[in-house]
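Here is the structure we will look at.
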Amino acid sequence: MVNIKPIQPKLHSNILSADQVAEIRAGTLHILETVGVRFPSEAALRIFADHGALVDQESQIVRLSPGLVEEAMKCAPRAYNLSGRLVGTQLTLDGSKTYFSTDGCGTETIDIHTGRQRSSNKDDVAMMAHVSDYLSSISFYWPIVSAQDHGSTAALHELDASFNNTVKHIQSASIIGERLAHFSLRMAEVIAGGRKKMRDQPPLSSLVCTIAPLAQDKEGIEGAMLFANAGVPVGFMAMPNIGSTSPATMGGALVLGNAEVVSAMVLMQLVAPGAPVFHSLLVSVLDPRTGSYIASLSEKYLCNAAAVQLAHDWGVPALAGAFSVECPDPGSWQLGRDSVYTALLTPLAGADMVEGLGLLRAATLLFPEQIIFDDEIYHTHRILSKGIGTSADQLALDVIKAVGPGGHFLSQKHTRRTVRDIWIPELTHPSRNLNLHLQSNIHERAKEKFKKILKEHQPEPLQEDIKIELSSIIKAAERLEDK
């Protein structure tokens, strides 16, 4: 049985007023028309020129008129589905639910068995997919760390490890370039059962990062165009750093990042009108004292939630960011302080997707058991975002009347039925009656739960012929790389 519990918020909170959203939109269109965005791709420049954009071939800067931007973005669908490989894994991106994933592309891990820090590998990707398959906080899976034991085809090995260890949808941020895009789409076809099924129920989606300020990555954009042509969802993430790669103001960072993301989405609509795309904008801050990167400040929390409104202003789903703070230690006071804001604000803002569970040290370090801490933060927010119900059953007037003054509610059928709906966090409130060997250290309790999931949970295995086909696709990519 697929275990997915998305957040379905009844409470809503906007960071920006309608006037502010309009001002940022106007500023974005002004920057796109007068300053432009660099697209270092001959194919992209040619497409823009064919559709009336102002293209400077020498500088590779594209300037887009407001009319071209708005007409192109009308083609982008507001709602579409992501799918896994079993019934029950479908995620409908229509704004009614918020689906969370792990974070991705970490480079180091603390070995779950030895406690030593080392480079991440394919087995780590598989292990975390296995645990993510079990956790109901994870609706879709980002390969959480990189398969550094597989060189230039690492992204394909990450997909292989992911598809083999979870039935949930896979979203990759490391499929960069036409070659990797081609082979990853072939793997997705095999999982889906054909090209048409892949288009209708995509088991894979791709995220491409822009380059601040106001530039695109050649390989990323050219791979994204293949995804767009295949009808497989592709999103773009801007990551402006306030004070260095963006103006030292939140408004400036939002305009800049919005321009980068929108320019890429426009290209996808020119390539394949109606291509499913999504918008992502994650802000960080420059420490003016040292020049270092800060990912845990109020500016980040506000901008990440505000970016959800910008995505919806363009009529596309939003991928927001949460968790992944600078803190290097799991279960610490700093982690508790910094993890909660975006993980709550983004679903209250209506984010369709949110990435971020499981990594530390600004999304570079994997403590495997950290995902257990993040899972409990997630479910706390899932309950908070529901608000308080006032239906007849929830007000329970008949039950109160039956008990009356001075009685108790333990014997009531209503109590026995509804008390089961109360979610109790296991790490902070473990059941001592059911665990005679309970660890007093919360870190050890998290690690024990993680190991228990690995031992007892069995993800639905891939059919053997599909495993073989995935392996053959990777081998073909590796042979091409060797030439």
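The values are calculated or read from the model by the stated rules, or taken from the named source; none is laboratory data. This structure is a prediction, so every number in the text was calculated from the model and none was measured. Here the Cβ positions follow ideal geometry from the backbone for every residue, glycine too, while neighbour counts run over all protein chains shown.
Key figures for this structure:
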read-out	value
Helices (runs of 4 or more DSSP H) lying entirely in the stretch 376-483 (those with 3 or more residues that are among the hydrophobic types (A, V, I, L, M, F, W, C) and within 30 Å of Ile7 (Cα to Cα))	442-456
Subset of the stretch 340-362 that is among the charged types (D, E, K, R) and not in a strand (DSSP E or B) - its residue that is nearest to Ser96 (Cα to Cα)	Asp352
Condition check for His414: modelled with pLDDT under 95 and more than 30 Å from Val316 (Cα to Cα)	no
Qualifying residues in the stretch 200-227 (those that are among the hydrophobic types (A, V, I, L, M, F, W, C) and over 21 Å from Gly104 (Cα atoms)) - the one surrounded by the fewest Cβ atoms within 10 Å (Cβ to Cβ)	Ala215
Residue list for the stretch 30-84, filter: closer than 20 Å to Ala228 by Cβ and among the acidic types (Asp, Glu)	Glu42, Asp50, Glu70, Glu71
Tally, over the stretch 446-473, of residues that are among the small types (Gly, Ala, Ser) and buried (at least 17 other Cβ atoms within 10 Å of the Cβ)	1
Residues satisfying the stated conditions in the stretch 259-273, i.e. closer than 19 Å to Ala318 by Cβ and surrounded by fewer than 24 Cβ atoms within 10 Å (Cβ to Cβ)	Gln269
Meets criteria (without any contact (Cβ under 8 Å) to a residue 60 or more places away in the chain, out of contact with any Phe, Trp or Tyr (no Cβ under 6 Å at 6 or more places or on another chain) and part of a strand (DSSP E or B)) for Val285	yes
From Ser324, Ser339, residue being touching a Phe, Trp or Tyr at 6+ places or on another chain (Cβ under 8 Å), within 30 Å of Ala126 (Cα to Cα), surrounded by 13 or more Cβ atoms within 10 Å (Cβ to Cβ) and of a type in the set (Ser, Thr, Tyr)	Ser339
Hits in the stretch 319-378 - residues which are under 25 Å from Ile112 (Cα atoms), over 12 Å from the mean Cα position of the chain (by Cα) and polar (S, T, N, Q)	Ser332, Gln334, Ser339, Thr364, Gln370
Some residue of the stretch 443-465 being farther than 30 Å from Ile371 by Cβ, over 27 Å from the mean Cα position of the chain (by Cα) and either among the hydrophobic types (A, V, I, L, M, F, W, C) or modelled with pLDDT of 95 or more (or both)	yes
Per-region count, the stretch 285-303, residues among the hydroxyl-bearing types (Ser, Thr, Tyr) and surrounded by fewer than 18 Cβ atoms within 10 Å (Cβ to Cβ)	4
Where a residue in the stretch 377-405 is closer than 28 Å to Ser136 by Cα and touching a residue at least 24 places away in the same chain (Cβ under 8 Å) and its partner, wherever it lies, is surrounded by 14 or more Cβ atoms within 10 Å (Cβ to Cβ) and of a type in the set (Val, Ile, Thr), with Cβ under 7 Å and at least six apart	Ile377/Val340; His381/Ile7; Arg382/Ile7; Ser385/Ile7
Those residues of the stretch 378-411 which are loosely packed, with under 11 Cβ neighbours inside 10 Å and aromatic (Phe, Trp, Tyr), in sequence order	none
Residue in the stretch 228-250 that is surrounded by fewer than 24 Cβ atoms within 10 Å (Cβ to Cβ), without any contact (Cβ under 8 Å) to a residue 24 or more places away in the chain, under 22 Å from Thr34 (Cα atoms) and more than 19 Å from the chain's Cα centre (by Cα) present	yes
In the stretch 304-321, the residues that are outside any helix (DSSP H, G or I) and either surrounded by 24 or more Cβ atoms within 10 Å (Cβ to Cβ) or touching a His at 6+ places or on another chain (Cβ under 8 Å) (or both)	Trp314, Val316, Pro317, Ala318, Leu319, Ala320, Gly321
Of residues in the stretch 93-124 being farther than 30 Å from Pro276 by Cα, of a type in the set (Val, Ile, Thr) and in contact with a strand residue (DSSP E or B) (Cβ under 6 Å, 6 or more places away or on another chain), the one surrounded by the fewest Cβ atoms within 10 Å (Cβ to Cβ)	Ile110
Within the stretch 1-24, considering residues that are within 10 Å of Ser385 (Cβ to Cβ) and under 18 Å from the mean Cα position of the chain (by Cα), the one surrounded by the fewest Cβ atoms within 10 Å (Cβ to Cβ)	Gln8
The lone exception for Asp103 - which of (1) at pLDDT below 95; (2) under 23 Å from Lys452 (Cα atoms) it fails	(1)
Count of the stretch 109-121 residues which are assigned to a loop (DSSP other than H, G, I, E, B), small (Gly, Ala, Ser) and over 18 Å from Ala173 (Cα atoms)	1
Enumerated helices (runs of 4 or more DSSP H) restricted to the stretch 122-224, each holding at least 3 residues that are within 20 Å of the chain's Cα centre (by Cα)	122-134, 154-165, 178-192
Any hit, the stretch 326-334, residues being modelled with pLDDT of 95 or more and assigned to a loop (DSSP other than H, G, I, E, B)	no
Selection from the stretch 70-108 of residues that are β-branched (Val, Ile, Thr), in a strand (DSSP E or B) and closer than 23 Å to Met187 by Cα	Thr92, Thr102
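The rows are residues; the columns are (1) farther than 18 Å from Ile176 by Cα; (2) at pLDDT 95 or above; (3) assigned to a helix (DSSP H, G or I).
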residue	(1), (2), (3)
Val232	no, yes, no
Ala253	yes, yes, yes
Ala264	no, yes, yes
His279	no, yes, no
